[in-house]
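The next block holds one structure in the form of structure tokens; read it before the comments.
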Amino acid sequence: MKTTNPSKPAARVARRRSRCANARGGFTFLESILAVVLLAMVAMTLSNASTIIVKAQRKMDQRLGAGELANRLILQYIDERSSLPDSSLPIEYDVDLYRWSLEESPVQFEFDNQETEESNAIGGGVSLDRIKLVTIKVWLDSDSGGSFAYSSTVPSIVLTRLIDPLAFNNPDSLETLLAKPGGIEEFLQPLLEGN
């Protein structure tokens, strides 16, 4: 039978402890490489996220610009149609260019208690045929990263309103219309067309 010397394992343990005590604390080369790689991945993720946020904000700003232009064009249409800009040319707003189109369509009202023969008689009331559905589309122009023709894939807005040419939102609009040459005829034209 072999006997073991109890002092040998104790000597090994003592040597290990002395090596650990003599070793310097800190990172190994592999740990430092891993830390650099992780830091680079976090930085790249943050950079991509901020780029996506900036692009989304830019697109929202362009859509807001299209909305503001559509609202201004509707107001111009209501106040004085002849002052609308040429629809074949882009409109500059902020740093972008926008295109626009306008469509008018008749509106037909249906009433539950409508009497057909008596309503067409003299004194039957003012016809509602003068009311129109006006749709304005505004979209980002191709020079600003959009398209030449309307597309829902580019920043755009579609604004639709029912418009009565006899109802003026602004009293100055009526005064301006009546003061210009031919303004009275222009004002009365929707009434005459409806009968």
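Taking into account only those residues within segment 164-185 that are more than 17 Å from Arg130 (Cα to Cα) and of a type in the set (D, E, K, R), which is modelled with the highest pLDDT? Once the filter is applied, the top-ranked residue is Lys180. For segment 53-85, a residue qualifies if it is in a helix (DSSP H, G or I) and of a type in the set (A, V, I, L, M), and the qualifying residues are Ile53, Val54, Ala56, Met60, Leu64, Ala66, Leu69, Ala70, Leu73, Ile74, Leu75, Ile78.
Condition first: among the charged types (D, E, K, R) and over 18 Å from the mean Cα position of the chain (by Cα). Now tell me which residues in segment 59-80 satisfy that.
Asp79, Glu80
Comparison of Ser105, Ser101, Ser88 shows that the only residue that is at pLDDT 90 or above and in a loop (DSSP other than H, G, I, E, B) is Ser88. Of all residues in segment 166-195, those that are of a type in the set (A, V, I, L, M) and surrounded by 11 or more Cβ atoms within 10 Å (Cβ to Cβ) have Cβ atoms under 6 Å from Cβ atoms of residues that are modelled with pLDDT under 70 and assigned to a loop (DSSP other than H, G, I, E, B), 6 or more apart or on another chain, in Leu174/Phe168. Is there a residue being surrounded by 11 or more Cβ atoms within 10 Å (Cβ to Cβ), in contact with a helix residue (DSSP H, G or I) (Cβ under 9 Å, 6 or more places away or on another chain) and either more than 20 Å from Thr160 (Cα to Cα) or at pLDDT 90 or above (or both) anywhere in segment 57-68? Yes; the residues of segment 57-68 include at least one that is surrounded by 11 or more Cβ atoms within 10 Å (Cβ to Cβ), in contact with a helix residue (DSSP H, G or I) (Cβ under 9 Å, 6 or more places away or on another chain) and either more than 20 Å from Thr160 (Cα to Cα) or at pLDDT 90 or above (or both). Among the residues making up segment 46-90, those that are in contact (Cβ under 8 Å) with a residue 24 or more places away in the chain and basic (Lys, Arg) are Lys59, Arg63.
The values are calculated or read from the model by the stated rules, or taken from the named source; none is laboratory data. If you're wondering where the values come from, they're calculated on a predicted model, not measured in any experiment. Every residue, glycine as well, gets a Cβ built from its backbone with ideal geometry; the counts of neighbours run over all protein chains shown.
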